[in-house]
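Let me begin by presenting the structure, written as structure tokens, before commenting on it.
The values are calculated or read from the model by the stated rules, or taken from the named source; none is laboratory data. These numbers were taken from a predicted model, which means no experiment stands behind them. As a convention, Cβ positions derive from the backbone with ideal geometry for all residues, glycine included, and neighbour counts pool all protein chains shown.
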């Protein structure tokens, strides 16, 4: 850092200037006295002794006065100059610190003078941290924030005092306004430990303010999109990293027999990374695995119709939950998010592949029986489709769901084959 006059150094400089100032005045007075003596010597009147004494006293007083003036005036001047230098030095430091590192910067000056380095070495003092996230290599690690959150912040006050609480869990619903009463009942089953996030597929958001909780919820609105489209774009793992568990639920779920806090307790107790509540057994169900069992807290395996399961530890006999009401741990969601395809928005087939994200899957994927829900099967999203070729809107939506399932399965199979093929080629080349 550029130094300023201060302490002993400042005092010594001030003393030199004071002395110089006094000597100048003394020289002037002596010159004037010589001139006066020379003039009087040419006079016919002889000089008296008292006149010589008066001249000496005058010279002495002048020297003392000059010294005192030099002692006070330059010190004040230097003090003001020093303060101005401090301000200029601060401004210069702040500017050079955030521009390219050159010899004018404090760090480069220190290196150049202290270590006798060349200017070329000084200008190469740049930040490059390969271990930083991609694109942030030029930043010092201490300023990098690779993760974010969904916590709401104030527009005023100290940022450190913004958050009175930090919810540990996240629940999302993909909703239309017509299902507001059902969603109101569902939200009330989730405590203050949950952040509430609504994905709106019908464009209606402000109407939800009739519910007090809605004013603290997060609303994302894009017309005619599915929950997996929303999840892929707004639930990046680095955004939801603060949450231990993420609920990604449909809007048509009855939750009379569900308690979110107790559900989390059971998930932790049984070590489930991917789970769902059991479904009401009196309803028609596609898969036996999701049916609630009255004699279990949690179940992880089931028996299916003949021919459905190639192995007792693979879907749909084990390691399987449906996509209507899944719950993911933070780590499991990081894997699942990367598996979701950008263009396959319905998520069909995803439930059969979830097992790829945990190991062993038949132990870490399960259904919580004592906290159960009812699937009301409201075809609200199907009605968001369009009629084409004489088909009803819901028919077009259902057809695309089935096509996406086949596409996803094909992509996954090809990706796995390509991976193992590359491993074999690598092993042969070695």
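Going through 370, 378, 358, 374 one at a time, which residue ends up being under 36 Å from the mean Cα position of the chain (by Cα) and assigned by TED's automatic domain parsing to the domain that holds residue 240? It would help to see each step written out before you state the result.
Numbers: 370 fails: under 36 Å from the mean Cα position of the chain (by Cα); 378 fails: under 36 Å from the mean Cα position of the chain (by Cα); 374 fails: under 36 Å from the mean Cα position of the chain (by Cα).
So the residue among 370, 378, 358, 374 that is under 36 Å from the mean Cα position of the chain (by Cα) and assigned by TED's automatic domain parsing to the domain that holds residue 240 is 358.
Which of the residues spanning region 300-321 are touching a strand residue (DSSP E or B) at 6+ places or on another chain (Cβ under 7 Å), within 16 Å of residue 279 (Cα to Cα) and surrounded by fewer than 20 Cβ atoms within 10 Å (Cβ to Cβ)?
Within region 300-321, 301 is the sole residue that qualifies.
For every residue, the table says whether it meets (1) crowded, with 16+ Cβ neighbours inside 10 Å; (2) within 24 Å of residue 345 (Cα to Cα).
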{"position": "222", "(1), (2)": "no, yes"}
{"position": "234", "(1), (2)": "yes, yes"}
{"position": "246", "(1), (2)": "yes, yes"}
{"position": "283", "(1), (2)": "no, no"}
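Condition test on residue 268, is it outside any loop (DSSP other than H, G, I, E, B) and surrounded by fewer than 19 Cβ atoms within 10 Å (Cβ to Cβ)?
Numbers: outside any loop (DSSP other than H, G, I, E, B): yes; surrounded by fewer than 19 Cβ atoms within 10 Å (Cβ to Cβ): yes.
Judged against the criteria, residue 268 is a match.
Please find, within region 191-201, the residue that is farthest from residue 179 (Cα to Cα) out of those that are touching a helix residue (DSSP H, G or I) at 6+ places or on another chain (Cβ under 8 Å) and surrounded by fewer than 19 Cβ atoms within 10 Å (Cβ to Cβ).
193
Does region 209-225 hold any residues that are out of contact with any strand residue (DSSP E or B) (no Cβ under 7 Å at 6 or more places or on another chain) and in a loop (DSSP other than H, G, I, E, B), and which are they? Spell out the reasoning first.
Taking region 209-225 as the starting set, the residues that turn out to be out of contact with any strand residue (DSSP E or B) (no Cβ under 7 Å at 6 or more places or on another chain) are 209-212, 214-216, 222-225.
Those that are out of contact with any strand residue (DSSP E or B) (no Cβ under 7 Å at 6 or more places or on another chain) and in a loop (DSSP other than H, G, I, E, B): 211, 216, 222, 223, 224, 225.
Quick one: residue 278 ticks every box in (1) within 13 Å of residue 372 (Cα to Cα); (2) within 28 Å of the chain's Cα centre (by Cα) bar one, so which box is it?
(2)
Within region 270-299, can you find the residues that are out of contact with any strand residue (DSSP E or B) (no Cβ under 8 Å at 6 or more places or on another chain) and under 23 Å from residue 359 (Cβ atoms)?
271, 287
Look at residue 150 and say whether it is touching a strand residue (DSSP E or B) at 6+ places or on another chain (Cβ under 7 Å) and either farther than 25 Å from residue 238 by Cα or touching a residue at least 60 places away in the same chain (Cβ under 8 Å) (or both). Full working, then the answer.
Details: touching a strand residue (DSSP E or B) at 6+ places or on another chain (Cβ under 7 Å): yes; either farther than 25 Å from residue 238 by Cα or touching a residue at least 60 places away in the same chain (Cβ under 8 Å) (or both): yes.
Here the answer is yes, as residue 150 does meet what is asked.
Within region 322-337, can you find the residues that are touching a residue at least 60 places away in the same chain (Cβ under 8 Å) and surrounded by fewer than 16 Cβ atoms within 10 Å (Cβ to Cβ)?
Once the filter is applied, which keeps residues that are touching a residue at least 60 places away in the same chain (Cβ under 8 Å) and surrounded by fewer than 16 Cβ atoms within 10 Å (Cβ to Cβ), region 322-337 yields nothing.
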